[in-house]
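Structure first, then comments.
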Amino acid sequence: MSKKGLSLAEKRKRLEALFHETKDFYQLKELEKDAPKSKGIVANTVKDVLQSLVDDNLVNTDKIGTSNYYWSFPSSALQSRKARIEELTQELQKFKEKNTELQSNIDLAYDGREKSDDRAILLKKVAELEAINKKHQESLARFRECDPALLEAKENHANLALECGNRWTENIYLLQSYCLQKFNIERADFNQQFGIPEDFDTL
């Protein structure tokens, strides 16, 4: 048999077969001597291959005196494989449950971020109030030297529009802060998702 080019999986398979065929107990040095001859496994790799089988409970080991002995019988190997399959099945189920939980959190994070009539109305209202405020500010500039009573009325109207606009702006900030904390998203992502400009601010 060739002593080169064997994958770890093939080495494991061959070393395990050595145990099952002989149904005997071995020390490491005996395996390092027999495995190359009968199974084509390079001697200096036997220790690592053996340890991988022990880690997977496919080979048993025990210390007697000062020596470690290794053995594996077909029936015990079958039980170990069944136990391993059961263990992996349980791990797979846990991963599935975790995946379901993560997907649920993702869905929750996106809930409310989709386009809606309420959001469109809110942004439209803010834009309208900003336009009204701008218009009144221009009017104030033109009539600054005119009738004081008219000036005062227009100024009051402009201040009211300004107050309303800022209130809506603050409402948006409150909603933004809630989403940032609740769903752990970046402010820039929130603004992009809801179409809020970078220079959006109180008036």
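Close contacts from segment 93-109, counting a first residue that is in contact (Cβ under 8 Å) with a residue 24 or more places away in the chain and a second that is surrounded by 10 or more Cβ atoms within 10 Å (Cβ to Cβ) and outside any helix (DSSP H, G or I), with Cβ to Cβ under 9 Å and a gap of 6+ residues or different chains, come to A109/I185.
Among the listed residues R81, R119, identify the single one that is modelled with pLDDT under 85, part of a helix (DSSP H, G or I) and under 30 Å from L31 (Cα atoms). Give the derivation first.
Details: R119 fails: under 30 Å from L31 (Cα atoms).
Within the list R81, R119, the selection yields R81.
Residues that are open to solvent by 20 Å² or more (accessible area, probe 1.4 Å), over 30 Å from L88 (Cα atoms) and in contact with a helix residue (DSSP H, G or I) (Cβ under 6 Å, 6 or more places away or on another chain): does segment 43-53 have at least one? For segment 43-53, residues open to solvent by 20 Å² or more (accessible area, probe 1.4 Å), over 30 Å from L88 (Cα atoms) and in contact with a helix residue (DSSP H, G or I) (Cβ under 6 Å, 6 or more places away or on another chain): present.
Within the span defined as segment 43-57, one or more residues are at pLDDT below 90 and either under 44 Å from the mean Cα position of the chain (by Cα) or among the hydroxyl-bearing types (S, T, Y) (or both). So, of the residues in segment 96-116 that are in a loop (DSSP other than H, G, I, E, B) and either farther than 20 Å from Q192 by Cβ or open to solvent by less than 90 Å² (accessible area, probe 1.4 Å) (or both), which turns out to be modelled with the highest pLDDT? Applying the filter and picking the extreme gives S116.
Sub-7 Å Cβ pairs linking a first residue in segment 153-181 that is farther than 21 Å from K124 by Cβ to a second residue that is part of a helix (DSSP H, G or I) and open to solvent by 30 Å² or more (accessible area, probe 1.4 Å), at least 6 apart or interchain, are K154/H136; L180/R187, ordered by first then second residue. Filtered by the rule that a residue be of a type outside the set (D, E) and either in contact with a Leu (Cβ under 9 Å, 6 or more places away or on another chain) or free of Cβ contacts under 8 Å to residues at least 12 places away in the same chain (or both), segment 45-58 gives T45, V46, K47, V49, L50, Q51, S52, L53.
Screening L175, L160 for residues that are outside the structural domain of Q137 (by the TED database) and open to solvent by less than 90 Å² (accessible area, probe 1.4 Å) leaves exactly one candidate, L175. Do we find a residue being touching an Asp or Glu at 6+ places or on another chain (Cβ under 9 Å) and either assigned by the TED database to the domain that holds I85 or farther than 28 Å from I85 by Cα (or both) anywhere in segment 45-67? No, segment 45-67 has no match at all.
With respect to the conditions (1) surrounded by fewer than 18 Cβ atoms within 10 Å (Cβ to Cβ); (2) in contact (Cβ under 8 Å) with a residue 12 or more places away in the chain, E30 lacks only one, and its number is (2).
Across segment 1-23, what is the total count of residues that are surrounded by fewer than 17 Cβ atoms within 10 Å (Cβ to Cβ) and either small (G, A, S) or in contact with a strand residue (DSSP E or B) (Cβ under 7 Å, 6 or more places away or on another chain) (or both)? Spell out how you get there, then give the answer.
Initial filter on segment 1-23 (surrounded by fewer than 17 Cβ atoms within 10 Å (Cβ to Cβ)): 1-5, 7-10, 13, 17, 20-23.
Applying the additional criterion that residues be either small (G, A, S) or in contact with a strand residue (DSSP E or B) (Cβ under 7 Å, 6 or more places away or on another chain) (or both) yields 2, 5, 7, 9, 17.
Residues meeting the conditions: 5.
The values are calculated or read from the model by the stated rules, or taken from the named source; none is laboratory data. Because the structure is predicted, anything quoted here is derived from the model rather than measured. Every residue, glycine among them, receives a Cβ derived from its backbone with ideal geometry; neighbour counts consider all protein chains shown. Note: accessible area is taken over every heavy atom of the protein model, side chains too, but ligands, DNA and RNA are not part of it. Shrake-Rupley method; radii C 1.70, N 1.55, O 1.52, S 1.80 Å.
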